[in-house]
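Chemist: Pasting a structure here, questions to come.
The values are calculated or read from the model by the stated rules, or taken from the named source; none is laboratory data. For clarity, every value in this text was computed on a predicted model and none was experimentally measured. Please note: Cβ atoms are built from the backbone with ideal geometry, for glycine as well, and neighbour counts cover all protein chains shown.
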Amino acid sequence: MKKRIISGICYAALLFGFFLLKIFVHDFCFDVFIYAFTLIGTFEILRAMQDRMTKAERVIVFAFAAIVIPACVLSEYYFRYGLHVTSVCFVAMGTVLLSLLVLRHEETTPENLGVAFFSSLYPTLLLMVLVLVNHVSDPVAITQGKFPAALQEIAFNSDLLIVFVFTVSPVCDVFAFFFGRMFKKQFPDKLAPEISPNKTIIGGIGGLVGGVATAAVIYFVYNAITGVGYVNMHIWLPVYLAIGFLAAAATEFGDLVESCIKRKLGIKDMGNIIPGHGGVLDRIDGTLFASVAVYLIFALLRLLVW
């Protein structure tokens with residue numbers, strides 16, 4: 001437990017440092033952080049799947065991870081085509097993998113290719129979504145007066161969305177842990193006993209409570225710091241709370257996905273780079289899915305206000 005706490009503090013300090021660099025230097029600084037997650041996470045998943053893929057397939061998947069994040073970053077920052085370029089890279093990678101059925105037909109099987117496609121999706125494509133989160137622009141330009149006054153206080157930007165992802169997700173985990181520990185005797189029902197026997201329904205509820213509580217704190221602190229204020233609180237506070245709830249739910253689902261992968265592979269952790277936590281994927285499993293939820297909610301809000 002002591003190692004876990006110390007590692008958690010070091011991880012939080014590192015994350016906060018890169019977030020400050022993002023705010024005061026450039027968004028690219030946080031992309032470096034994401035890129036490190038991508039390379040280490042891909043290495044971990046390839047090591048875990050090494051008996052299920054050929055060497056050629058592992059090289060292609062890792063090359064895809066090494067190329068697609070920088071391509072997404074640059075195309076999104078300069079042209080707003082990050083999603084398009086990522087799609088092209090994924091199609092190109094898939095075509096190369098399928099070509100192995102001909103070029104290396106003796107060792108390549110459909111099963112191997114399926115594992116390779118999965119290893120490119122998890123975590124690389126999910127982390128690509130985090131790149132998009134890091135480069136979103138305000139759907140409402142407060143100073144330009146393009147929208148009705150009732151909507152001009154929304155001011156959702158990349159800084160806010162990053163805060164949502166990297167605060168709601170860990171707080172959800174903490175609340176789930178303590179709710180599970182405190183109320184396990186009174187409410188022993190398991191959340192997903194065949195996937196993760198230690199997770200309880202009451203712990204899951206605690207995680208959702210933590211997500212909503214964190215979103216409320218973000219709302220009041222962010223609006224106070226930015227000077228946006230609390231106009232139309234009856235509209236935007238529930239929006240923040242909904243984001244917190246859905247991000248927490250996505251975090252818990254991501255935890256279960258990671259648990260299921262490890263259970264099917266017969267391993268305890270994806271790595272050992274973070275003492276007490278395991279590997280990078282063990283640390284960011286819920287964060288991956290939380291980033292997808294936050295980005296999709298942002299995209300929906302953007303459609304509504306535009």
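Chemist: So, S99, is that one modelled with pLDDT of 95 or more, buried (at least 17 other Cβ atoms within 10 Å of the Cβ) and among the small types (G, A, S) or not?
Modeler: no
Chemist: Looking at the stretch 209-226, can you tell me whether even one residue there is among the aromatic types (F, W, Y) and within 28 Å of K185 (Cβ to Cβ)?
Modeler: No.
Chemist: Of everything in the stretch 278-298 that's more than 17 Å from V174 (Cβ to Cβ) and of a type in the set (S, T, Y), which residue is farthest from the chain's Cα centre (by Cα)?
Modeler: Y295
Chemist: Could you list, in sequence order, the residues of the stretch 257-290 that are buried (at least 19 other Cβ atoms within 10 Å of the Cβ) and over 16 Å from G41 (Cα atoms)?
Modeler: A290
Chemist: List pairs: first in the stretch 71-100 and outside the structural domain of Y295 (by TED's automatic domain parsing) and touching a residue at least 60 places away in the same chain (Cβ under 8 Å), second surrounded by 14 or more Cβ atoms within 10 Å (Cβ to Cβ) and small (G, A, S), Cβ under 6 Å, 6+ apart or cross-chain?
Modeler: Between residues of the stretch 71-100 that are outside the structural domain of Y295 (by TED's automatic domain parsing) and touching a residue at least 60 places away in the same chain (Cβ under 8 Å) and residues that are surrounded by 14 or more Cβ atoms within 10 Å (Cβ to Cβ) and small (G, A, S), the close pairs are C72/G82.
Chemist: Moving on to the next point. Do we find that L21 is touching a Ser or Thr at 6+ places or on another chain (Cβ under 9 Å) and assigned to a helix (DSSP H, G or I) in this structure?
Modeler: Against the criterion (touching a Ser or Thr at 6+ places or on another chain (Cβ under 9 Å) and assigned to a helix (DSSP H, G or I)), L21 does not qualify.
Chemist: Somewhere in the stretch 245-264, is a residue of a type outside the set (F, W, Y), closer than 28 Å to D159 by Cβ and at pLDDT below 90?
Modeler: Among the residues of the stretch 245-264, not one is of a type outside the set (F, W, Y), closer than 28 Å to D159 by Cβ and at pLDDT below 90, which makes the answer no.
Chemist: Something else: So which of I243, I225, I205, I201 is hydrophobic (A, V, I, L, M, F, W, C) and loosely packed, with under 13 Cβ neighbours inside 10 Å?
Modeler: Only one candidate qualifies: I225.
Chemist: Follow-up question, since we're still on this one. Answer yes if at least one residue in the stretch 295-306 is surrounded by fewer than 14 Cβ atoms within 10 Å (Cβ to Cβ), of a type in the set (K, R) and in a helix (DSSP H, G or I), and no otherwise.
Modeler: no
Chemist: May I pose another question? If you check L160, L151, which single one turns out to be under 30 Å from L21 (Cα atoms) and either modelled with pLDDT of 90 or more or crowded, with 22+ Cβ neighbours inside 10 Å (or both)?
Modeler: The match here is L160.
Chemist: In this structure, is L20 modelled with pLDDT of 95 or more and surrounded by fewer than 16 Cβ atoms within 10 Å (Cβ to Cβ)?
Modeler: So L20 fits the description; yes.
Chemist: When you look at I225, is it more than 15 Å from the chain's Cα centre (by Cα), in the same structural domain as L161 (by TED's automatic domain parsing) and in contact (Cβ under 8 Å) with a residue 12 or more places away in the chain, yes or no?
Modeler: Here the answer is no, as I225 does not meet what is asked.
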